[in-house]
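To start, the structure itself, in structure tokens.
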Amino acid sequence: MTIKGIDNVIANMEKALRQAEAKTSDAIRKAGDTCEAIAKLNSRVSKNPPEGHIHMRDRIEHIPHPLKSTIISDAPYSIYNEFGTSRMSAAPFMRPGFIAGQKILLDELKGIF
């Protein structure tokens with residue numbers, strides 16, 4: 001059995017897949033950028049840091065990848081700020097960023113699919 005035009009159908013499906021992947025990667029990047037920006041905005045900043053001190057805000061980074069994003073804060077005290085300790089209240093900065101990024105991602109994906 002021969003189906004006429006199947007090559008065109010397959011080519012169009014592959015093109016649609018590439019376009020959807022590109023748009024999805026862009027949506028994920030936008031969500032990651034939002035997460036990073038909100039996390040930096042919400043991070044604690046020392047009023048009188050010791051000389052050579054790097055603020056936690058400057059150690060938050062968005063690393064985009066195809067179809068995923070990684071947002072990190074490599075300051076060793078980040079976890080204590082996010083969740084608190086027995087002597088310090090929590091000051092979440094990453095979670096609000098993830099929540100804002102999630103909203104952006106869902107809105108962007110609605111326009112794609």
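Throughout, read-outs are computed from the coordinates displayed, never taken from laboratory work. This one's a predicted model, so the numbers in the text were calculated from it and none came from an experiment. So basically every Cβ, Gly included, is an ideal-geometry build from the backbone, and we count neighbours across all protein chains shown.
Which condition from (1) assigned to a strand (DSSP E or B); (2) among the hydrophobic types (A, V, I, L, M, F, W, C); (3) within 29 Å of Leu17 (Cβ to Cβ) is the one that Ile72 breaks?
(3)
Which residues, taken from the range 78-113, are surrounded by 13 or more Cβ atoms within 10 Å (Cβ to Cβ) and within 12 Å of the chain's Cα centre (by Cα)?
Met94, Arg95, Pro96, Gly97, Phe98, Ile99, Ala100, Gly101, Gln102, Ile104, Leu105
Within the range 40-58, work out how many residues are surrounded by 16 or more Cβ atoms within 10 Å (Cβ to Cβ) and either among the charged types (D, E, K, R) or out of contact with any Lys or Arg (no Cβ under 8 Å at 6 or more places or on another chain) (or both).
Just the residues of the range 40-58 that are surrounded by 16 or more Cβ atoms within 10 Å (Cβ to Cβ), to begin with: 40, 42-43, 56-57.
The next check asks that each one be either among the charged types (D, E, K, R) or out of contact with any Lys or Arg (no Cβ under 8 Å at 6 or more places or on another chain) (or both); those that pass are 40, 42, 57.
The total comes to 3.
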